[in-house]
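The values are calculated or read from the model by the stated rules, or taken from the named source; none is laboratory data. Keep in mind that this is a model prediction, so the values were computed, not measured. Counting neighbours? That spans all protein chains shown, and the Cβs are built from the backbone with ideal geometry, glycine included.
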Amino acid sequence: MAYSCTSCPPGYTSDQCVDINECTTIPVNSPCQICINTIGSYLCACNSGYQLAPGGLACVDIDECADMISGCPQQCTNTPGSFYCGCYTGYTGPNCNATTGCGANQCSYKCSMVGGQQTCTCMSGFALSSNGISCQDINECTNPDLNKCSVTSSCVNTIGGYTCSCPTGQKVGVDMRTCQPCSDITWGPNCANQCNCGQNVRACDKTQGCTICQPGWQGANCNQDVNECILGTAKCQTSATCVNVPGTYLCICGDGSGNLDCYANGGTPCSQCMNGGLCVTGANQQITCSCPSGYTGASCEIQTTPIGGGAGPNIKIIVPVVVIGGCLIIAAAILIYYMVCVRPKRHLVRKYEQAPSDLTADGSQTRFSQSSTRINQYWPKSPQRYTPQTYNPQNEENI
């Protein structure tokens, strides 16, 4: 059977459509900082301080200052992939303490000079308690004005801040507030798990992992065979025996064969099945042809008849055709012989029988004696119905 190959889908090459490793062709300074090759495509990952841009194929800087995740007490300056903190004039140190001190006040966080007075202050995400000394956490999730989580995500309060979380099977987007579904190769909370599924897996479920199995398989990684015969899901004729095999089942007929007629799937006429064959959906949803008696082949294109338990040519059709053909040949030969050899001679004989006689007075000579002799010259075995008489020149006429 002749065939031709179509062009490969994106991410594949050569006549066999082999996967292209895009990571070997990406430049060193590519926006995709960390390339991860996948079947038919690739993924990008980012270094610390960067996040994936929309589309997932480039990394962009995280502005910790604008997103208020730096933890700087006073001033924050963003840099590519990082940031640094600073203090206002009159303050110093990691916590930006006032250079003049706070005297007797024992602030839980730090003492700052506000309007020329010593005042306890708190870091971002905290508020000064009523005693004016200690700091307490601000729950941003209780105030929609303090958190940026979208309606599709949930706000989770943390000490000094908050995070936006997403349901299982989704992760927080690059804006750190909306949710997006996991890719085809990740699953679980925040899409943290890889889909390392086996060949029996049809697809990776974004919430439960490798649980979308091919027909005939089940289990956490689709490595457990489904026994259709025990479960009663096998579709065999009542007279057939169901035999479980890995990933599917067989319907064995009473004679020990596995013909499709043993499957209780019915059948429908279709263009791919010839000579009255029916399209039958067998195990694993495979479409095959169920051929009528006397035909076989993938498309019921071969005509056979069992002879002594085997398959062979249809003798019931061939023998009558041969006999009838032979009889027609013999009849044609007889007809040709009659038209060429017999009929012309009989016509001449009949002509001379009907002609008037021309005998002499004494009857010694017939008019057609010489003609009769000529006829016998061409058909020597023909009966001599006209006997030549004694020649009489007086009665001779040209014939």
**Request:** Give the number of residues within region 27-39 that are surrounded by 15 or more Cβ atoms within 10 Å (Cβ to Cβ) and either touching a Pro at 6+ places or on another chain (Cβ under 9 Å) or of a type in the set (A, V, I, L, M, F, W, C) (or both).
**Result:** 2
**Asked** Which ones in region 188-204 are modelled with pLDDT of 90 or more and of a type in the set (Gly, Ala, Ser)?
**Response** Gly188, Ala192
**Residue check, Gln170 buried (at least 18 other Cβ atoms within 10 Å of the Cβ), within 20 Å of Val151 (Cβ to Cβ) and not small (Gly, Ala, Ser)** = yes
**Prompt:** Would you say Asn221 is of a type outside the set (Gly, Ala, Ser) and surrounded by fewer than 18 Cβ atoms within 10 Å (Cβ to Cβ)?
**Reply:** yes
**Positions within region 90-116 being at pLDDT 75 or above, more than 17 Å from Asn131 (Cβ to Cβ) and surrounded by fewer than 20 Cβ atoms within 10 Å (Cβ to Cβ), in sequence order** = Thr92, Gly93, Pro94, Asn95
